[in-house]
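**Q** Supplied in structure tokens, the structure appears directly below.
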Amino acid sequence: MSLVDIYRSLGVTLDKGIAYLVVDGNEILKANEVRGISMEKEETREGIDLRLVIKEGIKLKEPIHLCFGVSKERAVQKIHAEIIAERDSHACLLAHCIFPKAKEVHHVMDGNLLIEKGAELSYEEIHWHGEEGGADVFPRLRTRNLGDFRSTFSLLRGRVGRLGIDYLVEAGERSVTEIITKVYGKGNDEIRIKEGVSLNGAYARSVIKSRIAVRDRAFSDVVSITEGNAPYVRGHVDGTEIVQGEAIAKATPIVKVNHEKAKVTHEAAIGSVDRKQLETLMAKGLEEKEAIDVIIKGMLR
């Protein structure tokens with residue numbers, strides 16, 4: 001099955017009325033633009049360069065699909081992306097990253113985002129990996145947000161392999177930033193996440209929310225940073241991690257306030273699954289491992 005077929009089987013729409021880009025390794029398989037966006041793309045030796053602009057005042061009803069995958073067992077894929085949401089534009093980006101056969105796949109995403117005043121941009125990155133645990137995934141985003149920016153990263157299907165997230169948002173006056181990360185690690189998966197928001201403009205607001213589960217011998221290290229650098233900003237860090245078996249989880253919320261009228265709060269929790277929930281599910285006929293999996297997936301939903 002080709003990557004295009006896999007994307008279609010997952011419900012990804014690749015019709016003429018939808019904007020999309022499908023990439024396998026460093027090869028552009030399919031692409032389509034719609035009115036109101038500009039998509040400049042170029043194949044490179046190990047990946048692609050992309051410049052995507054949502055034009056001023058454009059409000060897209062359908063998501064823009066960015067499908068970055070590798071069908072081979074061994075490959076290097078480097079994506080360099082510049083994404084601009086111009087003033088008063090509204091758009092949703094769905095990035096589907098699929099590595100179904102990965103044994104030695106190295107994927108790097110280096111992105112720069114600009115959300116201008118009045119713009120709303122939702123960026124959802126959904127990963128599907130194979131069961132070999134052979135994917136190294138390193139997404140790096142640098143975002144300047146002057147509008148409304150909401151980011152979701154989820155890796156719930158297949159083995160993680162090695163994951164290193166590095167996100168940083170500079171938030172301007174009256175902007176809204178929401179960063180959500182959901183990852184389920186198994187085997188000897190290694191998860192390292194660093195996410196930060198600098199609230200640099202008055203009345204800016206942000207939430208960093210992480211939901212991480214690790215079992216077997218997996219390892220996770222989550223660092224969530226929020227800085228309040230301007231009057232009347234509000235920021236919150238919310239982290240929950242579940243640990244099972246011989247897994248290890250580490251969470252470090254960092255809050256820093258540099259203005260007397262700024263407020264930043266945090267909460268973090270690490271623990272095992274709720275015993276009462278576990279017993280209830282087992283009483284309904286599930287094996288313990290199955291019941292734990294149901295509870296974890298419910299938290300990550």
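A short reminder: the numbers here are calculations on the coordinates, not readings from a lab. Computed from a predicted structure; not experimentally measured. All Cβ positions, even for glycine, are placed from backbone atoms using ideal geometry, and neighbour counts span all protein chains on display.
**Q** Go through the stretch 59-74 and report how many residues are out of contact with any helix residue (DSSP H, G or I) (no Cβ under 9 Å at 6 or more places or on another chain) and either more than 16 Å from ALA135 (Cβ to Cβ) or surrounded by 18 or more Cβ atoms within 10 Å (Cβ to Cβ) (or both).
**A** Summing the residues that are out of contact with any helix residue (DSSP H, G or I) (no Cβ under 9 Å at 6 or more places or on another chain) and either more than 16 Å from ALA135 (Cβ to Cβ) or surrounded by 18 or more Cβ atoms within 10 Å (Cβ to Cβ) (or both) in the stretch 59-74 gives 8.
**Q** Another one. Any residue in the stretch 114-131 that's closer than 14 Å to LEU10 by Cα: show its pairings with residues that are assigned to a loop (DSSP other than H, G, I, E, B) and charged (D, E, K, R) at Cβ separation under 8 Å, as long as the two are six or more apart or on different chains.
**A** Qualifying pairs under 8 Å: HIS129/ARG159.
**Q** Here's something else I'd like to know. Taking the criterion of being crowded, with 18+ Cβ neighbours inside 10 Å, of a type in the set (S, T, N, Q) and over 17 Å from ARG74 (Cβ atoms), would at least one residue in the stretch 104-119 satisfy it?
**A** No, the stretch 104-119 contains no residue that is crowded, with 18+ Cβ neighbours inside 10 Å, of a type in the set (S, T, N, Q) and over 17 Å from ARG74 (Cβ atoms).
**Q** Collect the residues in the stretch 174-207 that are closer than 12 Å to ALA247 by Cβ and in contact with a strand residue (DSSP E or B) (Cβ under 9 Å, 6 or more places away or on another chain), keeping them in residue-number order.
**A** Answer for the stretch 174-207, where residues must be closer than 12 Å to ALA247 by Cβ and in contact with a strand residue (DSSP E or B) (Cβ under 9 Å, 6 or more places away or on another chain): TYR184, GLY185, LYS186, ASN188, ASP189, GLU190, ILE191.
**Q** I'd like the residue in the stretch 167-192 that is within 12 Å of the chain's Cα centre (by Cα) and within 30 Å of LYS261 (Cβ to Cβ) and, out of all such residues, is surrounded by the most Cβ atoms within 10 Å (Cβ to Cβ).
**A** Of everything passing the filter in the stretch 167-192, ILE179 is surrounded by the most Cβ atoms within 10 Å (Cβ to Cβ).
**Q** Follow-up. Please go through the stretch 193-221 and give me each residue that is within 27 Å of GLY133 (Cβ to Cβ) and over 14 Å from the mean Cα position of the chain (by Cα), ordered by number.
**A** ALA213, VAL214, ARG215, ASP216, ARG217, ALA218, PHE219, SER220, ASP221
**Q** Something else now. Only one of LEU29, LEU52 is under 22 Å from ARG140 (Cα atoms), assigned to a strand (DSSP E or B) and hydrophobic (A, V, I, L, M, F, W, C). Can you tell me which?
**A** LEU52
**Q** Every residue in the stretch 197-210 that is surrounded by fewer than 20 Cβ atoms within 10 Å (Cβ to Cβ) and closer than 21 Å to TYR123 by Cβ, please.
**A** GLY201, ARG205, VAL207, LYS209
**Q** Of the conditions (1) more than 18 Å from LYS297 (Cβ to Cβ); (2) outside any strand (DSSP E or B), ASP216 fails just one. Which one is it?
**A** Of everything listed in (1) more than 18 Å from LYS297 (Cβ to Cβ); (2) outside any strand (DSSP E or B), ASP216 misses just condition (1).
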